[in-house]
Amino acid sequence: MRKNDRHQLVKTMIKEEKLGTQKEIQDRLEAQGIYVTQTTLSRDLREIGLTKVKKKGLTYYVLAHETEEIDFIEFLAKHVESVARAEFSLVLRTGLGEATVLANVVDSSLDSRILGTVAGANTLLVICRDQAAAQEIEEQIQEVM
């Protein structure tokens, strides 16, 4: 199966069912005769832009753009381990491999206080419009954490 076809199938599975682990996704793929390694699946999930959300006691994957339905700051706070501010920038520490997905969520948000992001493996740099915006976002995240 081609990579694009596999990506489409995973997206469909995520929309139809609340899958919380890569193993669950891998099992569903195997049930359809598609065998992928954990490494390939992990890369696929990152390329597709999946992220986990926790809602009503359940943790499951969603497409990153669907998180707009969830409060933006609350979503960040749930996925960030720490937040620090340096003038008009925020440094958010995340779990390993989560910064890129969070960057996609932040970049696709309509929050005018944020100009853009730079993501590493577990660190997300958020460039804010000004110091006041950075301080406001930092305080909002810390209130929810």
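The values are calculated or read from the model by the stated rules, or taken from the named source; none is laboratory data. Keep in mind that this is a model prediction, so the values were computed, not measured. All Cβ positions, glycine included, derive from the backbone under ideal geometry; neighbour counts span all protein chains shown.
What to note about this one:
- Taking segment 12-46 as the range and being modelled with pLDDT under 90 and closer than 18 Å to L102 by Cβ as the test, only R46 passes.
- Note on segment 99-124: residues that are within 21 Å of K15 (Cβ to Cβ) and charged (D, E, K, R) amount to 0.
- Scan segment 11-33 for residues that are assigned to a helix (DSSP H, G or I), touching a residue at least 40 places away in the same chain (Cβ under 8 Å) and closer than 16 Å to R46 by Cβ and the total you get is 2.
- Just one of the numbered conditions (1) under 17 Å from V144 (Cβ atoms); (2) in a helix (DSSP H, G or I) is not true of R6: (1).
- Top-ranked residue of segment 95-121 - restricted to ones that are without any contact (Cβ under 8 Å) to a residue 40 or more places away in the chain, under 22 Å from I48 (Cβ atoms) and touching a helix residue (DSSP H, G or I) at 6+ places or on another chain (Cβ under 6 Å), ranked as surrounded by the fewest Cβ atoms within 10 Å (Cβ to Cβ): G120
- Meets criteria (β-branched (V, I, T) and surrounded by fewer than 17 Cβ atoms within 10 Å (Cβ to Cβ)) for I137: no
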